[in-house]
Amino acid sequence: MSRIIDAHMHLGEDLIYNSNDSEERILGYMESFGIDGVILQPGLKVNDWRRSCERIRDFAAAHPGRGWGIVSYTPHCTDEEYFDHVSWAINELGFVGIKLHPEAYCCASNAPQARKVYEAARALKVPVMIHTGNGVASALPSLAIPMALEYPDLTFVLAHAGGGMFGSEALVAAQVCPNIYLETSWCPVYVVKSMTEKLGCRRLMLGTDNPDNVGVELAKHRALGLSDEDLSWCLGRTAETVFGLN
């Protein structure tokens, strides 16, 4: 079996969702569930944005090959400010992607302000992860379709793959756009099964979003009766490929 990579986890405080997971808690769930690597995101609203990113950098440095970062920053700013912030995280801290959160930032994935996210990702040659599910209508998976078609050279990852209720819509988005991948945290197992059958496991990746959810997400994938090859793509190889973790 290839490495197990959790493609969606958070480190530190988040003043929107009132979470604050520590390095020790992240390492604890990795040890308990055999997670080989984790892609971490800073909080969406924090007291010290730069320090929240540096904590992820420090985690990755302390555990080589086991931790990486995705940068998230509000697009409600100038193009210059946005690019300065995300390029710092990617070029200086070694982050591997950019996150757009339509609900937290009040910015749908097809809004004019979101274009600076895609332009920055294109310039920095990293994927974009877009939150989908909670926060509709701005977080509808379908809103990513025109953007993925307009930016065919950019890789899109739909976080939560619609969150269950909009899982079928996320699947359609990925079927229409070959550059859209699905991270399946919080999706019911029958939704994930449909995605494996209709899209294929090389377009799906494990995400957990919360340390209390890790065992559930692993169990969903392992309950599907996938071949070892297909399971290895869902649990790690897709994330490794999309985010360049090898």
*Do we find that E54 is closer than 16 Å to G69 by Cβ, part of a strand (DSSP E or B) and in contact (Cβ under 8 Å) with a residue 24 or more places away in the chain in this structure?*
no
*How many residues, within the stretch 106-138, are crowded, with 17+ Cβ neighbours inside 10 Å and either in contact with a strand residue (DSSP E or B) (Cβ under 6 Å, 6 or more places away or on another chain) or assigned to a helix (DSSP H, G or I) (or both)?*
16
*Would you check which residues across the stretch 71-91 are under 15 Å from W49 (Cα atoms) and among the acidic types (D, E) and list them?*
E81, D84
_Residue count for the stretch 70-87, restricted to those that are in a loop (DSSP other than H, G, I, E, B) and among the β-branched types (V, I, T)_ = 2
*asked:* Give me the residue from the stretch 139-181 that is in contact (Cβ under 8 Å) with a residue 40 or more places away in the chain and in contact with a Pro (Cβ under 7 Å, 6 or more places away or on another chain) and, out of that set, surrounded by the fewest Cβ atoms within 10 Å (Cβ to Cβ).
replied: T155
*Could you tell me whether D48 is at pLDDT 95 or above and over 17 Å from the mean Cα position of the chain (by Cα)?*
no
*Just for the stretch 3-30: of the residues that are modelled with pLDDT under 95 and part of a strand (DSSP E or B), which one is surrounded by the fewest Cβ atoms within 10 Å (Cβ to Cβ)?*
N20
_Looking only at the stretch 190-216, and only at residues there that are in a helix (DSSP H, G or I) and touching a residue at least 60 places away in the same chain (Cβ under 8 Å), the one that is surrounded by the fewest Cβ atoms within 10 Å (Cβ to Cβ)_ = G215
*So, of the residues in the stretch 217-236 that are crowded, with 21+ Cβ neighbours inside 10 Å and in contact with a Ser or Thr (Cβ under 6 Å, 6 or more places away or on another chain), which turns out to be nearest to A159 (Cα to Cα)?*
E217
*Mind telling me which of the residues C187, C234 ends up being within 16 Å of the chain's Cα centre (by Cα), assigned to a helix (DSSP H, G or I), without any contact (Cβ under 8 Å) to a residue 60 or more places away in the chain and within 30 Å of S32 (Cβ to Cβ)?*
C234
*Name every residue in the stretch 31-51 that is surrounded by fewer than 22 Cβ atoms within 10 Å (Cβ to Cβ) and either free of Cβ contacts under 8 Å to residues at least 40 places away in the same chain or in a helix (DSSP H, G or I) (or both), in order of residue number.*
E31, S32, F33, G34, V46, N47, D48, W49, R50, R51
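Every residue, every condition in (1) at pLDDT 95 or above; (2) farther than 23 Å from D79 by Cβ; (3) hydroxyl-bearing (S, T, Y); (4) out of contact with any Cys (no Cβ under 6 Å at 6 or more places or on another chain), yes or no:
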| site | (1), (2), (3), (4) |
| --- | --- |
| A108 | yes, no, no, yes |
| Q113 | yes, no, no, no |
| A120 | yes, no, no, yes |
| G162 | yes, yes, no, yes |
| A170 | yes, yes, no, yes |
*Just one of V96, V38, V71, V86 is touching a strand residue (DSSP E or B) at 6+ places or on another chain (Cβ under 6 Å) and more than 25 Å from I4 (Cβ to Cβ); which is it?*
V86
*Among all residue pairs at least 6 apart or on different chains, which show Cβ distances below 9 Å where the first residue, located in the stretch 97-110, is farther than 23 Å from V242 by Cα and the second is assigned to a loop (DSSP other than H, G, I, E, B) and aromatic (F, W, Y)?*
A104/Y17; Y105/Y73
*asked:* All but one of (1) within 30 Å of V191 (Cα to Cα); (2) buried (at least 20 other Cβ atoms within 10 Å of the Cβ) hold for A60; state the number of the condition that does not hold.
replied: (1)
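The values are calculated or read from the model by the stated rules, or taken from the named source; none is laboratory data. All of these numbers come straight from a predicted model, not from anything done at the bench. Positions of Cβ are generated from backbone atoms using ideal geometry, with glycine treated the same way; all protein chains shown enter the neighbour counts.
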